[in-house]
Amino acid sequence: MKAVVPAAGEGTRLGTLTDERPKPLVEVAGRPILTHCFERLAGFDVNELVVVVGYRGEEIGEYYGHSFENIPINYVHQRERLGLAHAISRAEERIDGEFLVYNGDNVLSGNLGEVIEAQRSGADATLLVDRVTREEARETGVLDVDDDGRVRRIVEKPAEPPSTLVTTGVYGLSPEIFDACRRIEPSDRGEYELADALTLLIEAGRRVEVVELEGWRVNVNTPADVERAERLLAEED
């Protein structure tokens, strides 16, 4: 299975940590964020890394070259950062079947294998999700679920979250997602939201699975996130 790793962000909230490097190369516990992503993926049956680069993307290419632990790396460019759905769409030509998406600013320890298993069982999309505070839910994609736990829709950064169950930046997807990405309109933020594309799949009756995270995740956006990720990694050792 191939893995698409969006890594085009600038990382302005990381302050001086990104003065001399792109966000994916900011170090956490002595290794770039992107290395932590690749290491997690290398532990599963991933046979190609498709890395979506943008801001200072040439530095990422120079750092990693064309393979990581014998897994081929191919780079695609997102010249305008227009949202996660747009980033994933840039990788379409490299994808020929079921694939993973693993956001390149995630440091994560958990049950990634369950996402792969669910996706291989015939799901059109499999979401690795986590339960957070209501305040945290306002900053990410939130699942709206019915009384039986079925996902009705996904809302990106809502002022009033319909739940505290959120996406984590890890998805198993089928190629059906590319057509859904083409059909959505930009959000009020001017971005093409993956949440909207996934909602189209749900509304069309496609099979969308949910796997709850068993472990921990840090979406690295600030220096405080770097410190928290380092603390959690140290606890694993």
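Each value in this text was obtained by applying a stated rule to the coordinates, not by laboratory testing. This structure is a prediction, so every number in the text was calculated from the model and none was measured. Positions of Cβ are generated from backbone atoms using ideal geometry, with glycine treated the same way; all protein chains shown enter the neighbour counts.
A few notes on this one:
- For the stretch 114-237, the relative contact order works out to 30 percent when only alpha carbon pairs closer than 8 Å and six or more residues apart are counted.
- Longest exposed-site-free window of the chain, the sites being trypsin sites (Lys or Arg not before Pro) in a DSSP loop that have at most 12 other C-beta atoms within 10 Å: 1-78
- Each of Glu203, Glu48 was scored by other Cβ atoms within 10 Å of its Cβ. Listed from fewest to most, they are Glu203, Glu48.
- One decimal place: the segment Glu212-Arg231 gains 4.6 nm when fully extended, by the rule 0.36 nm per residue minus the C-alpha distance.
- By the helix-only formula, in which each DSSP H run with n ≥ 4 contributes -39500 (n - 2.57) and the sum is divided by residues, the chain has a 222 nm mean residue ellipticity of -8000 deg cm²/dmol.
- Euclidean distance of C-alpha centroids, the stretch 199-220 and the stretch 111-187, integer Å: 3 Å
- Local net charge near Ser187, Cβ-Cβ under 11 Å (Lys/Arg +1, Asp/Glu -1): -4
- Overall, the ratio between the Cα radius of gyration of the chain and 2.2 N^0.38 Å, rounded to two decimals, is 0.95.
- Both radii were evaluated on the Cα set of the stretch 37-111; the Rg over Rh quotient, with Rh as the Kirkwood radius, amounts to 0.93.
- Over all projection directions, the Cα-based convex hull of the stretch 1-41 averages an area of 3.2 nm².
- Loop-resident sites, the stretch 132-178, for GluC sites (Glu not before Pro), counting at most 15 other Cβ within 10 Å (DSSP): Glu139
- The stretch 1-88 pair-distance distribution - Cα-Cα, 5 Å bins, rounded %: 3, 14, 26, 25, 20, 9, 2, 0
- Cα gyration tensor category, rounded, prolate or oblate, for the stretch 153-196 with a/c compared to 1.5: oblate
- Candidates Gly172, Gly30, Gly83: whichever shows maximal mean-square fluctuation once the chain is modelled as a Gaussian network with Cα springs under 10 Å: Gly30
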